Number of protein chains: 2
Amino acid sequence: MIKDPTPVPRRRRADAQRNVDALLKAAQTVFDTSGVDAPAKEITDLAGVGVGTLYRHFPQRSDLVKAVVESGIDAVAEAAPVLSAAFEPAEALTRWIDRFTELLGTKRGLASALHSGDPAFAGLPDYFLERLAPALSALLDAAAAEGAIRGDIGAEDLLYAVAQLCQPVPGRGPEHGRRIVGVLLDGLRQGGGQARP
Amino acid sequence: MIKDPTPVPRRRRADAQRNVDALLKAAQTVFDTSGVDAPAKEITDLAGVGVGTLYRHFPQRSDLVKAVVESGIDAVAEAAPVLSAAFEPAEALTRWIDRFTELLGTKRGLASALHSGDPAFAGLPDYFLERLAPALSALLDAAAAEGAIRGDIGAEDLLYAVAQLCQPVPGRGPEHGRRIVGVLLDGLRQGGGQARP
């Protein structure tokens with residue numbers, strides 16, 4: 001009887017994935033508090049892994065920053081079907097936009113790294129759109145089908161608009177962006193059930 | 001009888017102002033078509049004045065750029081009471097925001113100059129707020145007093161929001177910004193006449 005050769009690699013892959021997840025979670029926390037140039041040890045101590053593990057998975061700091069941003073985007077994308085299943089379409093949309101504005105708030109801390117021109121980050125805008133536009137599109141379609149919102153604003157347009165409104169404004173905190181995004185969503189609902197010219 | 005000494009200076013000031021106005025109008029057109037580094041002669045030919053007149057009023061190109069931007073801001077600020085007198089508050093507000101988004105569209109052509117870090121432009125953001133916030137504030141107050149819009153979004157917040165929404169988005173023309181600004185205004189109207197928590 002030939003022994004199935006998969007268990008060991010599978011176990012290894014599961015361990016590796018657990019380490020990566022722990023590193024990403026720790027890095028996100030450390031980046032928020034100490035910035036993206038925080039010492040590697042601060043991250044690995046929090047993740048409970050060795051520094052070697054960090055460098056094996058993320059050779060450059062930019063690899064780690066990119067992975068943290070991507071994992072934040074993934075979490076927001078994956079929230080869309082969960083919210084859809086739990087709430088009415090209009091409420092699911094509002095809650096998802098809340099999650100998205102939170103993500104943009106987190107990204108602020110990473111903004112200078114992301115705008116550093118490092119080629120490691122070149123693919124992130126595409127990743128952002130590819131993951132989030134279909135997620136938002138499904139929420140918009142469901143809400144528009146119910147007549148809860150106007151149906152002529154596309155997911156990409158809304159992503160850009162919310163991202164623009166969440167940019168920092170002098171003398172105002174992140175609450176400012178959320179408030180104005182709320183007005184924009186009221187405007188989306190305003191056209192719900194109306195025939196548009 | 002002593003002759004009144006003012007007519008000559010007054011005439012000179014009126015001539016000078018006419019030249020400045022002609023230069024600003026010509027510069028705006030030339031900047032739009034040929035960029036802010038267009039040859040001086042292109043501007044003075046269009047304005048119908050000599051190059052010496054240009055340099056007497058605007059020694060540096062940055063002086064001219066700054067004056068063009070300020071005069072665009074002035075025109076939008078001065079439109080507010082005119083629109084107020086001619087239209088219902090909600091309609092006056094909508095039309096003024098239209099004028100403001102047009103101004104932002106024009107400013108796009110000047111954007112690289114304005115973001116060059118030239119100290120000549122350091123005062124422009126303050127000028128922008130000082131001129132436009134009171135103008136918009138009067139329009140918002142009048143519309144809110146009628147219950148046509150919600151009353152809890154301030155003029156500065158709305159100026160920033162519209163300016164953010166009019167920033168260029170990849171693959172979309174200026175119509176994109178106007179459309180999303182329209183949704184935001186629908187949202188403002190949505191709260192009209194309602195008590196807000």
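In this structure segment A:115-160 gives 46 Å² per residue of accessible area when probed at 1.4 Å with all protein chains present. The GNM of chain A, with springs linking C-alpha atoms under 10 angstrom apart, assigns the highest mean-square fluctuation among A:Val69, A:Val183, A:Val162 to A:Val183. Phi angles of segment A:174-189 translate, via the Karplus equation with coefficients 6.51, -1.76, 1.60 and θ = phi - 60°, into HN-Hα couplings of x, 4, 4, x, 4, 5, 6, 4, x, 5, 4, 5, 4, x, 4, 5 Hz per residue; Gly and Pro are given as x.
Report, as an integer, the average count of C-beta atoms from other chains found within 10 Å of each Cβ along B:171-184.
Rounded to a whole number, the mean comes out at 4.
Normalising by residue count, segment B:58-125 has a Cα convex hull of 81 Å³ per residue. Overall, the accessible surface of chain A at a probe of 1.4 angstrom is composed of carbon and sulfur to the extent of 54 percent.
Mind counting lysine pairs for me in chain A? Cα separation below 20 Å, and the two need to be 8 or more apart along the chain or on different chains. Please list the in-between numbers first.
On the way: A:Lys25/A:Lys41; A:Lys25/A:Lys66; A:Lys25/A:Lys107; A:Lys41/A:Lys66; A:Lys66/A:Lys107.
Lysine pair count for chain A: 5.
Segment A:121-175 and segment B:99-167 have Cα centres separated by 23 Å. Label positions at A:Ser116 and A:Lys25, each projected 7 Å from the Cα along the C-beta direction, are separated by 2.6 nm.
Placing pseudo-labels 7 Å out from each Cα toward the beta carbon at B:Tyr127 and A:Glu175 gives an inter-label distance of 3.4 nm. Scaling against 2.2 N^0.38 Å puts the C-alpha radius of gyration of segment A:40-88 at 1.58.
When the protein assembly as shown is described by a simple charge dipole with +1 on each Lys and Arg Cβ and -1 on each Asp and Glu Cβ, the residue from B:Ala148, B:Val169, B:Leu23 located farthest towards its positive end is B:Leu23. Evaluated at q = 0.13, 0.16, 0.23, 0.24 Å⁻¹, a Debye calculation over the C-alpha positions of segment A:132-197 (equal weights, vacuum) places log10 I(q)/I(0) at -0.39, -0.57, -0.97, -1.02. The Cα atoms of the protein assembly as shown cover 126, 48, 32 Å along the three principal axes, with the biggest extent listed first. Coupling constants for segment B:92-104 follow from the phi torsions by the Karplus curve (6.51 cos²θ - 1.76 cosθ + 1.60, θ = phi - 60°), and in residue order they are 4, 4, 4, 5, 5, 4, 4, 4, 5, 5, 4, 4, 5 Hz; glycine and proline get x. Distances between placed amide hydrogens fall under 5 Å for A:Ile149 paired with A:Ala144, A:Gly193, all partners being 5 or more residues away or on another chain.
The value obtained for segment A:54-197, namely the Cα convex hull volume divided by the number of residues, is 122 Å³ per residue.
Exposed loop positions in chain B were taken to be trypsin sites (Lys or Arg not before Pro) whose DSSP state is not H, G, I, E or B and which have at most 15 other beta-carbon atoms within 10 angstrom. Between these positions, the longest stretch is B:4-171.
The values are calculated or read from the model by the stated rules, or taken from the named source; none is laboratory data. On a predicted model such as this, the values are computed, not experimentally measured, just so you know. As a convention, Cβ positions derive from the backbone with ideal geometry for all residues, glycine included, and neighbour counts pool all protein chains shown. The area values use the complete protein model at the heavy-atom level, side chains included, leaving out ligands, DNA and RNA. Shrake-Rupley method; radii C 1.70, N 1.55, O 1.52, S 1.80 Å.
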